[in-house]
Amino acid sequence: MARFTVFGNPVQHSLSPFIHSLFAQQLHVKDLEYTRSLTSPAQFAAAVAEFFRCGGAGANVTVPFKTAAAQLVTHQTDRAARAGAVNTLIPLGHGQILGDNTDGYGLVADLKRQLELSSLIGIHAVILGAGGAARGVLGPLCEAGVERIILANRTLPKAQELVRANSDLPLAYASWQDLDGLSAHDYIVINATSASLHKASLPLSNALLSKSRLCYDMMYAKTPTQFIQQARTAGATACADGLGMLVEQAALAFALWHTGQLPETDEVLRTVRAKLLSS
Ligand code: NDP
């Protein structure tokens, strides 16, 4: 039996075990067990070490341990190093662990689905937020062809710092008010804040949201998130939540752990959405 887990806190509502069981079924991967591991910040490193010492075959890491995971791995992919955060752990043997970050890939794959595009070349993106999630997607978005990213954050210095730290990328920062002057004709707005989690709305104008080609909230929930409600009220053309991103980041982790083959995700996303709605 190959054992996998997701470390997080809270983690009891994680859909990852369900998603990975659907991928395993689809690709005929047998004898797979994927559990949830609730751990405290103080015990996280020891819990990871123990999991792999006992033969664990791979693990995901979710809130709030992605930064801590980046610090405990012995090797990192370039995208994980840029993000400063790891969501996928791959054992290399002899106590060595490779850390990867599949969140950016997940967002890019879901944006392509939502926009019905095979590449994001020429797209301008407004990213709201400058936390771990924003950090993790900047590189992958630019690699996928996004031409320019404007970062806005409640605490502006954090956005400024992120722009400085990624000076090789086409990034700029803006205050919430500056966003109203955005003149790009083809842009998308990505909410990478956790504001929806607190049912807080963001200080954005209706004009910004209604002219956007897509309003995307990385958060997902059974009912439309606060940001999606705000975008719909503003008359947004199209809205999507982050459930597709979750499924896509899991697909890449699955490929990294197993056959190297990416599972098909459209049907899995429909099944996961149905499960979320019935929960
Ligand atoms: P962090 O805690 O690292 O960052 C939170 C960000 O949200 C900060 O930029 C913070 O701004 C901002 N923020 C929080 N509350 C408010 C508010 N009321 N108004 C304005 N800004 C606010 O969180 P993460 O970056 O890890 O996660 C962000 C979101 O992305 C979460 O909802 C998470 O669920 C989602 N996510 C989804 C994934 C998926 O697969 N779908 C994957 C990863 C994340 P400030 O700097 O001012 O504090």
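The values are calculated or read from the model by the stated rules, or taken from the named source; none is laboratory data. Being a predicted model, the structure only gives us computed values, none of them experimental. Heads up, the Cβs are rebuilt from the backbone with ideal geometry, glycines too, and the neighbour counts pull from every protein chain shown. Just the protein is used for accessible areas: all its heavy atoms, side chains included, with ligands, DNA and RNA removed. Shrake-Rupley method; radii C 1.70, N 1.55, O 1.52, S 1.80 Å.
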**Request:** With a Förster radius of 25 Å, plug the Cβ-Cβ distance of Arg270 and Gln12 into 1/(1 + (r/R0)^6) and report the FRET value to the nearest 0.05.
**Result:** 0.55
**Fill in**
GluC sites (Glu not before Pro) in the stretch 213-279 lying in a DSSP loop, each with at most 16 other Cβ atoms within 10 Å of its Cβ, come to Glu264
**Request:** Give a quick list of GluC sites (Glu not before Pro) in the stretch 89-165 that DSSP marks as loop, anything other than H, G, I, E or B, with at most 16 other Cβ atoms within 10 Å.
**Result:** Glu116, Glu147
**Message:** As a test, work out the antiparallel percent of DSSP beta bridges whose residues both lie in the chain, rounded to the nearest 5.
**Reply:** 15
**Asked** When the accessible area of the stretch 104-241 is computed with all protein chains present and a 1.4 Å probe, what percentage of it is carbon and sulfur?
**Response** 50
**Fill in**
Listed by chain and number, the residues whose amide H is under 5 Å from that of Cys239, excluding neighbours fewer than 5 places away on the same chain and using placed H, are Cys215
**Asked** Expressed as a whole percentage, what fraction of the accessible surface of the stretch 1-89 belongs to carbon and sulfur atoms when a 1.4 Å probe is rolled over the protein heavy atoms?
**Response** 53
**Asked** Roughly how many nanometres apart are two label points built 7 Å out from the Cα toward the Cβ at Glu50 and Glu143?
**Response** 3.4
**Message:** Starting from 0.36 nm per residue, how many nanometres of slack lie between Leu27 and Glu116 once their C-alpha separation is accounted for?
**Reply:** 29.5 nm
**Asked** In the structure displayed, which of Lys66/Lys211; Lys112/Lys222; Lys199/Lys275 lie more than 32 Å apart, Cα to Cα?
**Response** Lys66/Lys211
**Message:** Using amide H atoms built in the peptide plane, which far-off residues or other-chain residues are under 5 Å from Leu151 H to H?
**Reply:** Ile127, Ala172, Tyr173, Ala174
**Asked** What aspartates and glutamates sit close enough to Lys30 to cross-link, taking a C-alpha to C-alpha distance under 19 Å and skipping anything fewer than 8 places away on the same chain?
**Response** Glu264
**Request:** Provide the gained length on full extension for the span His75 to His94, in nm with one decimal, where the gain is 0.36 nm per separating residue minus the Cα-Cα distance.
**Result:** 5.6 nm
**Complete:** Here, trypsin sites (Lys or Arg not before Pro) of the stretch 146-233 satisfying both criteria (DSSP loop; at most 10 other Cβ within 10 Å) are Lys199, Lys222
**Message:** Could you report the stretch 1-149's accessible area per residue, 1.4 Å probe, as an integer in Å²?
**Reply:** 44
